[in-house]
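Working notes for the structure below.
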Amino acid sequence: MQTYHFFVEHFLYICNRIAFLMMKMKKVLIYLIVVLALTACYSDRPTHSDWPSVNGKLQELDDSIAVMSAAVPQMITNGMVHAQDSIEWYAYYVRWANYFFLSTTPDSLLPYTQATVSFAHRARTHVASGDQQRLNTVEGMAYEAEAAYRQHFRSLSDTVITLRKQAYDLLMKSDMAIMLPMVCGNMADVYALQNRLPEASLWYRRALFLADSTSVNPSVKATLYMGLGRIYQNLSDFENARNCYEKVGERLHSMPLNMQAYYLNNYGNFFYYQKDYAKALSMFQQLEQLLKRIGAGDTFDMYLCLLNMGDVLLNLGRTDEALNCIDRVEPFFRQNQVADAVDYCQTVRIGAAVKKGELKRAEQLLAVPQLNPHTEQGLSDIRNRYTFDYYMKTGQTARALDMKLAEEKRNDSIGKNREHMRATEIIMRMSEDTLRLNHQLEIAQQRENTQKAYFWIMILTALVIILILVLAYRWMYARRQRTQNEMDMLRLRLANVQQRISPHFVFNVLNHRIGHAQEDEEKELMKLVKLIRANLDVSSRTIVTLQEEMDFVSYYISLEQELTEHFVYTIDVAPGLDLSALHIPSMFVQILAENAIKHGLKGRDGEKRLTIQIAMEKNDTLVIVVSDNGRGFDIRAVKDTTTGTGLYIIRQTMEVLNKYSRHGQMDIDLENLKDGTSTTTTGCQATLRIPQHFNNLT
């Protein structure tokens with residue numbers, strides 16, 4: 001049976017790869033995958049003993065999926081090939097569902113979620129108790145992925161709630177509690193779509209509470225505030241909505257690109273409902289550019305962006321442009337049966353007909369029944385507004401008055417919802433206080449039990465003290481060994497830096513000088529000698545003065561200017577700074593200068609500039625900025641594991657040195673420079689921040 005399952009799993013994996021490579025035949029292949037998955041049975045292969053390490057790799061994979069990295073298929077493939085047991089195999093397998101959800105064929109995810117749930121149900125009675133948490137994680141992810149798909153197309157909301165509650169219950173008993181805030185936030189979105197705003201608020205508050213409890217990435221909390229802001233927005237509480245959006249904006253650039261897109265969409269809607277149509281249009285235009293930049297030009301998100309943009313253009317009086325947007329997106333929504341979006345397209349057409357005075361056309365459109373009569377309140381309000389304009393223009397004042405009365409009644413309901421939501425928030429806070437109180441009572445009970453056992457503890461004190469001393473000695477010895485190992489690793493990493501001025505470079509310079517030898521040959525060779533001597537001196541130490549580093553950089557650049565097409569090199573030191581009294585890790589500035597020349601300036605037409613700026617912040621942190629006007633770099637391709645050797649050495653050196661710092665952390669920030677409001681790249685800028693409290697490491 002074990003051999004049979006091993007064959008089925010790997011044959012299933014081969015089918016997944018074929019499905020990825022032959023998307024046009026996906027329907028037939030998906031049916032094959034489903035049949036094979038449903039015939040699989042649980043394997044008794046040994047449990048993976050290094051599951052925390054596996055979780056780290058899975059988290060890295062999830063981050064890559066969030067930005068739709070091109071490396072994702074290979075990462076999933078490698079994980080499945082090297083999986084040590086069936087649970088780990090399915091942990092990678094279910095990631096195909098998340099990948100396809102963000103692709104242009106999101107319906108391809110269903111066979112993966114269904115096969116994973118089927119496996120979990122079969123395996124539930126066979127796995128060891130210690131593996132139940134892992135199995136809960138895999139099954140919970142499958143339910144969440146399917147719920148996300150069904151929610152994305154605004155269908156079967158009750159089914160989405162059921163799926164998500166199953167995911168929530170399983171993940172509460174899993175080894176991935178860090179996913180719970182996301183699941184709660186998604187649950188809140190479903191209730192918001194159903195206009196059940198108090199329930200939505202409750203789930204957002206629960207998500208924020210869990211985010212604080214699990215120490216999730218701050219960008220996750222930002223997305224939760226974004227959803228809560230949307231709830232306040234739907235309740236016309238624009239002040240609280242703006243506060244939530246501003247909290248998100250503070251962390252926008254640290255968020256994944258798909259979450260940045262979500263923020264721009266919601267903030268655009270915020271300005272729309274405040275009737276600030278110019279700002280709303282700006283948000284949706286930024287969203288359109290972002291989606292194009294991340295390769296999402298033909299996805300649901302892009303079509304939704306254009307639909308919203310069409311309504312904004314209509315309210316700005318650009319009716320023909322609005323209709324062009326609707327003509328472009330409506331076929332997609334009809335083909336994918338997104339009822340709310342199709343109705344919204346019809347709503348914009350009604351508004352356009354009224355504005356153009358085509359009242360007969362507006363009447364015909366109003367006579368067409370809506371595909372979803374229970375659409376969310378915001379979309380209903382937009383349709384009612386355009387319908388009210390139609391009634392007023394056609395003299396149907398009685399019907400217009402009825403609409404106004406109904407709107408006032410809804411506003412009263414919204415006010416009640418707002419109060420209900422606030423009451424729900426108070427209850428949520430009381431629940432949190434109750435949890436903390438229970439925790440304090442448990443601690444008090446434990447203290448009482450400890451006091452009762454004091455007599456017996458005294459008897460064993462002598463033995464415990466001896467044991468503690470032995471363990472403490474062993475712990476201190478092990479810690480000293482770890483520290484020594486880390487320092488050895490640092491020296492090895494810095495040894496790589498010592499080779500930055502390679503023999504190959506030296507021979508290039510010498511050959512250049514000899515081939516163009518003239519009367520100033522002696523002076524040029526002396527520059528090279530100074531560079532070599534400075535390199536040997538600087539690279540032999542972990543920490544050097546900034547003056548020594550800049551002298552070495554100046555020698556290096558003076559020679560590079562001879563080998564590279566001419567470029568302008570300037571250094572700007574803040575007044576009053578004594579470079580000889582400041583310290584930095586050796587070679588940091590040289591590496592950044594070399595990267596700027598090599599990747600930014602070489603091969604560039606026109607004027608080339610390299611600038612180094614040195615200043616000191618109020619918190620006694622040295623700031624060094626190395627910038628150029630070169631080609632810049634591809635932000636989407638930048639990852640800690642794939643940057644060049646120089647940047648890798650800087651980051652690894654910082655990682656080790658930061659472990660010993662108690663007064664601030666070194667960091668490096670790399671960004672492209674832009675030309676004003678243009679998206680054109682005008683260069684690259686690297687910023688080093690180095691606290692002046694680590695000099696004891698010298």
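The values are calculated or read from the model by the stated rules, or taken from the named source; none is laboratory data. The structure presented is a predicted model; accordingly, all values stated were derived computationally and were not measured. Here the Cβ positions follow ideal geometry from the backbone for every residue, glycine too, while neighbour counts run over all protein chains shown. Ligands, DNA and RNA are stripped out before the accessible areas are found, and what is left, the full protein with its side chains, is counted by its heavy atoms. Shrake-Rupley method; radii C 1.70, N 1.55, O 1.52, S 1.80 Å.
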- Query: Within the stretch 367-380, which residues are loosely packed, with under 15 Cβ neighbours inside 10 Å and either within 25 Å of Ala200 (Cα to Cα) or of a type in the set (S, T, N, Q) (or both)?
  - Reply: Pro373, His374
- Note on the structure: Phe300: passes all of (1) surrounded by fewer than 20 Cβ atoms within 10 Å (Cβ to Cβ); (2) out of contact with any Pro (no Cβ under 9 Å at 6 or more places or on another chain); (3) at pLDDT 85 or above but (2)
- Task: Note down all Cβ pairs under 7 Å where the first residue falls in the stretch 307-320 and is part of a helix (DSSP H, G or I), the second is of a type in the set (Phe, Trp, Tyr), and they're at least six residues apart or on different chains.
- Result: Leu307/Tyr344; Asn308/Phe284; Met309/Phe284; Val312/Tyr272; Val312/Tyr277; Val312/Phe284; Asn315/Tyr277
- Query: Of the residues that make up the stretch 38-53, is at least one small (Gly, Ala, Ser), within 24 Å of Asp298 (Cβ to Cβ), modelled with pLDDT under 90 and surrounded by fewer than 21 Cβ atoms within 10 Å (Cβ to Cβ)?
  - Reply: no
- Item | Of residues in the stretch 269-283 being under 13 Å from Ile382 (Cα atoms) and aromatic (Phe, Trp, Tyr), the one surrounded by the fewest Cβ atoms within 10 Å (Cβ to Cβ) | Tyr273
- Do you know which residues across the stretch 227-251 are open to solvent by 30 Å² or more (accessible area, probe 1.4 Å), of a type outside the set (Asp, Glu) and either part of a helix (DSSP H, G or I) or closer than 19 Å to Gln194 by Cα (or both)? Arg230, Asn234, Ser236, Phe238, Asn240, Arg242, Asn243, Lys247, Gly249
- Only one residue in Gln346, Gln337 is polar (S, T, N, Q) and either in a helix (DSSP H, G or I) or without any contact (Cβ under 8 Å) to a residue 40 or more places away in the chain (or both), so which one is that? Gln346
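Test of understanding: among Ser201, Ser254, which residue is among the polar types (S, T, N, Q), touching a Ser or Thr at 6+ places or on another chain (Cβ under 7 Å) and buried (at least 19 other Cβ atoms within 10 Å of the Cβ)?
Ser201
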- Query: Of the residues that sit in the stretch 349-365 and are assigned to a helix (DSSP H, G or I) and over 42 Å from the mean Cα position of the chain (by Cα), which one is surrounded by the fewest Cβ atoms within 10 Å (Cβ to Cβ)?
  - Reply: Lys360
- Query: On the given criteria, is Thr162 of a type in the set (Ser, Thr, Tyr), in a helix (DSSP H, G or I), open to solvent by 20 Å² or more (accessible area, probe 1.4 Å) and at pLDDT 85 or above?
  - Reply: yes
- Given the structure, is Asp634 under 24 Å from Ser64 (Cβ atoms), open to solvent by 50 Å² or more (accessible area, probe 1.4 Å) and at pLDDT 85 or above? no
- Task: Any chance you could count how many residues in the stretch 271-296 are within 16 Å of Leu313 (Cβ to Cβ), free of Cβ contacts under 8 Å to residues at least 40 places away in the same chain and not hydroxyl-bearing (Ser, Thr, Tyr)?
- Result: 12
- Any pair with Cβ under 6 angstrom, 6 or more apart, that starts in the stretch 667-678 at a residue that is under 14 Å from Arg689 (Cβ atoms) and ends at one that is open to solvent by 70 Å² or more (accessible area, probe 1.4 Å): Asp667/Arg689
- Query: Which is open to solvent by less than 10 Å² (accessible area, probe 1.4 Å), assigned to a helix (DSSP H, G or I), within 24 Å of Ile231 (Cα to Cα) and of a type in the set (A, V, I, L, M), of Ala148, Ala120, Ala188, Ala142?
  - Reply: Ala188
- Item | the stretch 557-585: number of residues that are modelled with pLDDT under 90 and among the hydroxyl-bearing types (Ser, Thr, Tyr) | 2
- Note on the structure: The residue from Val568, Val553 that alone is more than 37 Å from the chain's Cα centre (by Cα) and either of a type in the set (A, V, I, L, M) or over 30 Å from Leu291 (Cα atoms) (or both) is Val568
